[in-house]
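A short write-up of the structure that comes next.
Only the coordinates and a few stated rules stand behind these numbers; no lab work does. For clarity, every value in this text was computed on a predicted model and none was experimentally measured. Cβ sites come from the backbone with ideal geometry, for glycine too, and all protein chains shown count toward neighbours.
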Ligand SMILES: [Zn+2]
Ligand SMILES: [Zn+2]
């Protein structure tokens, strides 16, 4: 920019990431730098992020160590304890359970067998994604082989993308430990599954994961061949769309032969992807048929369940109460400041949560008396342990997912847990029931965790460190 003042740039590339580099970057007016400087800032900021991630991982490793020591004191480390630790990290960092487990595994590896990778991360030579790729690649391998793989891939890691690095890691692992690779591949195949995710734009991703490579490749080739034949028939949809529509139609039980346009002459009806060249009439019919097909699959799209909550759950009231509770608890913690150990903080938050629940109790009694389930029946006064179907649907619609803050398990696949156990007088009512998946149902019973339902659908989780997470309808 002519006439604009160009700032003097300190030698960022020569600086190790840390407080000094952070200070320099925070002070730099990026708008006043030349383009070379702007790119230097970009790179320095990424190195700083790597450094920060290594701090996060050290803290995770430290919590892991302390929980192990505590476990040793009272017996042995159990699967439940490892799950609870994972949930603790998940809630603290707002990560999914899977992502938290990956961070935990990575934290342990960077302080154990993969010290060099840890050093590369703290020095900003590689970023967190690349460190994760190396850790992932050698998961379950003996330490010696792991270190050998690390020494093979680490020197080039700074100039490779995470994906390119993953290819190198895989190659190095196959070379270093062919039998182990084979063993792990078979073990991974045992976890093959189909997953579906809702996207923000209202579409859904459907993914088959950890499939045997050969079968997956054969299936994909078949899909391609089928799509190519349909395309050759004159279908105007893009190949991607044809393949996607085919997946849906095949999975919904349509016979491959029925995916082609209706035959004008039976012998021209292509029975398989190895289709003969179509006639022009076939092409026109094909385009019509495919448009119909697309329309049908579009018509079954599910509506957003968040909008379909009915039965007078008083969502707005619950949202307001959740917000007030959140503000009060935050204010309380501000007062406590840094005083008190984990146990004391846990007690304070638990007491505050209980007081809040008591204060709301008269209002809640009124709520319970007025609430009706999805069938319009009053929810109040049900004596049995199992909630009736209408009440179950009401709670599933209210919670949508498992009531643990980071869990996405659909409420319809969860247990309905009595927040205060039924045998301790907890009512079978939406004010005392919440959807919890198996794992978080178990977590709730962990002696160092506390769960309080402050208001129907507003749940306060208190962790072993006295951290708390309040979930409920948002305003
Ligand atoms: Zn109630
Ligand atoms: Zn859950």
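Assorted remarks:
- Mean projected area in nm² (Cα convex hull; one quarter of hull surface) for region 4-56: 3.5 nm²
- Calculated on the Cα set of region 118-213, radius of gyration then Dmax: 15.8, 47 Å.
- Region 372-447: Rg to Rh, with Rh as the Kirkwood radius over Cα pairs: 0.96
- Distance from region 381-405 to region 6-68 (C-alpha centre basis), Å: 48 Å
- Cα point-scatterer Debye curve for region 318-387, base-10 log of I(q)/I(0) at q = 0.14, 0.20 Å⁻¹: -0.62, -0.90
- Ordering 132, 73 from the fewest to the most neighbouring beta carbons within 10 Å gives 73, 132.
- Our helix-only sum for the chain, with -39,500 (n - 2.57) per DSSP H run of n ≥ 4 divided by its residues, gives a mean residue ellipticity at 222 nm of -18000 deg cm²/dmol.
- Shown for 130, 444: other C-beta atoms within 10 Å of each C-beta, ranked fewest to most, produce the order 444, 130.
- Taking only the Cα atoms of region 372-412, the ratio Rg/Rh comes out at 1.04, with Rh defined as the Kirkwood radius.
- For region 49-134, the equivalent ellipsoid derived from the alpha-carbon gyration tensor has semi-axes of 24, 14, 10 Å in decreasing order.
- Cα-Cα pairs of region 1-146 separated by more than 28 Å (percent): 35 percent
- Among 424, 231, sorting on how many other beta-carbon atoms sit within 10 Å of each Cβ, with the fewest leading, yields 424, 231.
- Cα gyration tensor of region 158-228 - equivalent ellipsoid semi-axes, whole Å, descending: 27, 18, 15
- Region 135-187: translational diffusion in µm²/s, Stokes-Einstein, Kirkwood Rh over Cα pairs, 25 °C, 0.890 mPa s: 221 µm²/s
- Over all distinct Cα-Cα pairs of the chain, the Kirkwood formula returns a hydrodynamic radius of 27.4 Å.
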